[in-house]
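Engineer: This is the structure I have questions about; it appears just below.
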Amino acid sequence: AAALAAEHAAIYAYGLIGVRLDGAAAEQARSAEAAHRARRDQLVVLLTDRGASPPPPEPAYAVPFAVTDRASALRLAIEVEERAGAVWRAALAATTGTQRNQALAALTDTAVRATRWRRIAGVTPVTVPFPGRTG
């Protein structure tokens, strides 16, 4: 359920991010949103198959700062991927087998996207030693 909430939040944030970008960066934002939507859909199916009721998305999510231009949109994109990565990293400890592989794939995806956003934003270093680790 925590991973689903993170995916809902990421999808919401990409709505804010995408309108402040153009060209290749806007295309990357659309691709990232699509990836989060696909992951969300997989989680909804998984939870439903297990007899759980997947929590719906919130009407809105708090963002850590106003997204008013390209620079703040890129900063939020990095933050979104780092936050989602932290949730997926935590899921590794709580899963086994196929679900653990899915959590690892999700963590890897968020780390790659965060790296791409850092590169576009000119943030260095572009990689972090332990994706998904907070603090």
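Engineer: Return P(r) of region 23-135 (all Cα-Cα pairs; 5 Å bins starting at 0; whole %; ordered from short to long distances).
Structural biologist: Reading the bins upward from 0: 2, 11, 18, 23, 21, 14, 8, 3, 1.
Engineer: Same structure again: Using the beta-carbon distance between ARG70 and VAL112 and R0 = 22 Å, what value does 1/(1 + (r/R0)^6) give for FRET efficiency, to the nearest 0.05?
Structural biologist: Taking R0 as 22 Å, the efficiency between ARG70 and VAL112 is 0.55.
Engineer: Can you work out the FRET efficiency for the pair ARG100 and TYR61, with r the C-beta to C-beta distance and R0 = 25 Å, to the nearest 0.05?
Structural biologist: That pair, ARG100 with TYR61, gives E of 0.40.
Engineer: Now a separate question. How large is the dipole of region 1-124 about the Cα centre if only Lys and Arg carry +1 and Asp and Glu carry -1, each at its Cβ, rounded to the nearest 20 debye?
Structural biologist: Around 260 debye, computed over region 1-124.
Engineer: While we're here: Could you state, as a whole-number percent, how many of the C-alpha pairs of region 67-110 are farther apart than 14 Å?
Structural biologist: 52 percent
Engineer: Next question, about the same structure. What does the charge count around ALA2 come to, taking other residues whose C-beta lies under 12 Å from its C-beta (Lys +1, Arg +1, Asp -1, Glu -1)?
Structural biologist: The answer is +1.
Each value in this text was obtained by applying a stated rule to the coordinates, not by laboratory testing. Every value quoted in this text rests on a predicted model; they were computed, and no experiment measured them. Cβ atoms come from the backbone with ideal geometry, glycine included; neighbour counts cover every protein chain shown.
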